[in-house]
1. What pairs come out if I take residues in the stretch 188-213 that are in contact (Cβ under 8 Å) with a residue 24 or more places away in the chain and pair them with residues that are β-branched (Val, Ile, Thr) and outside any helix (DSSP H, G or I) whose C-beta lies under 7 Å away, six or more apart or interchain?
2. Would it be correct to say that Thr164 is under 17 Å from Gly232 (Cα atoms), surrounded by fewer than 18 Cβ atoms within 10 Å (Cβ to Cβ) and not hydrophobic (A, V, I, L, M, F, W, C)?
3. Considering each of Asp113, Asp72 in turn, give the residue that is out of contact with any helix residue (DSSP H, G or I) (no Cβ under 9 Å at 6 or more places or on another chain) and either acidic (Asp, Glu) or open to solvent by 30 Å² or more (accessible area, probe 1.4 Å) (or both).
4. Report, by residue number, each residue of the stretch 200-241 that is within 20 Å of Lys142 (Cβ to Cβ) and either acidic (Asp, Glu) or not in a helix (DSSP H, G or I) (or both).
5. Answer yes or no: is there a residue in the stretch 242-253 that is outside any helix (DSSP H, G or I) and in contact (Cβ under 8 Å) with a residue 12 or more places away in the chain.
6. Checking Pro270 against (1) touching a helix residue (DSSP H, G or I) at 6+ places or on another chain (Cβ under 7 Å); (2) farther than 18 Å from Arg175 by Cα; (3) open to solvent by 60 Å² or more (accessible area, probe 1.4 Å); (4) touching a residue at least 40 places away in the same chain (Cβ under 8 Å): exactly one of these is not met. Which one?
7. Of the conditions (1) at pLDDT 95 or above; (2) within 30 Å of Asp118 (Cβ to Cβ); (3) open to solvent by 90 Å² or more (accessible area, probe 1.4 Å), Thr46 fails just one. Which one is it?
8. Under 17 Å from Val105 (Cβ atoms), basic (Lys, Arg) and assigned to a helix (DSSP H, G or I) - does that describe any residue in the stretch 47-55?
Amino acid sequence: AIAAYTDALAWYITRDDRYARKSIQLMDARSGVIKEHTDSNAPLQTGWAGSSWPKAAEIIKYTYTGSWPNSDRFATMLRDVYLHEVANGSNSNGNWELSMTEAAVGISVFLGDRTSYDNAMARFRTRAAAYVYLSSDGDLPKTVPSQHLDTRAKIVAYWQGQSTFVTGLTQETCRDLTHTGYGISALSHIAETSRIQGQDLYGTDVGERLRQALGFQARYQLGAAVPSRLCGGSLKLGLGPVTEVGYNALHNRLGIEMSNTGTLTEQQRPAGTNSLFVAWETLTHGDNPN
């Protein structure tokens, strides 16, 4: 899926139609054979791949005038294999549902399915609020009702044993920053897609949660000392190339100061791929506020 997206980007930039044809070849090859993702993390696999497929397809559909005879088959794959799997979300760790919801949002846009899009966005608002803590949430983080985290003990356990909640902390910070980065990335991608579709969430709590999550994680990724009240004084680092989209939207477009995020973003440029569902975001969003 990332290869198809990479070729689609190369086509758009160079207008060399060999890249467009290769992107189509990859999409056709997959849509002709895949029936489902399997194993215990099938919903997550579906979310990862399903986040990149529609990016490739959107670029090809709206900028390439050559032939794509199997485009309907590809759309059917997105609906029957991918959307079917991710449409109802997940009660696992938050990065699961955010990644799955990113796929559902992107696929719904490509398919022109407003009902699925609205359902995915509603689920996103609930999960985003339950993934990143703000002091305005109260003494405890918000929760997803279907998870029945109805006691403090259950919430603390779900937040990796963290019992002190501070603004910018995520549900997986004390697990590691790699998985946290997956959640933050999906959050930023959905917010950006929503903006393109006409609903700008950056001025809502979604934007504030994204800003605070980026700044909080970036601070420690840059080497700040971890206080004992946070994850027992030790963090597993590895945030990954996930800051460009949120930083571009909040800092470059809206003018919000984000010094830690900015420093980390510049250090990591050019951002490549995390080999799952994040790819080439310095190219697509680095200092590009339009």
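1. Arg209/Val132; Arg211/Ile256; Gln212/Val132; Gln212/Thr167; Ala213/Val132; Ala213/Thr170
2. yes
3. Testing whether each residue is out of contact with any helix residue (DSSP H, G or I) (no Cβ under 9 Å at 6 or more places or on another chain) and either acidic (Asp, Glu) or open to solvent by 30 Å² or more (accessible area, probe 1.4 Å) (or both) leaves just Asp72.
4. Leu201, Tyr202, Gly203, Thr204, Asp205, Glu208, Leu230
5. Yes, that holds for at least one residue.
6. Pro270 satisfies every listed condition except (4).
7. (3)
8. yes
The values are calculated or read from the model by the stated rules, or taken from the named source; none is laboratory data. What you see is a predicted model; the values in this text were computed from it and never measured. Note: ideal-geometry Cβ built from the backbone for every residue, glycine included; neighbour counts use all protein chains shown. Heavy atoms of the whole protein, side chains included, go into the accessibility calculation; ligands, DNA and RNA do not. Shrake-Rupley method; radii C 1.70, N 1.55, O 1.52, S 1.80 Å.
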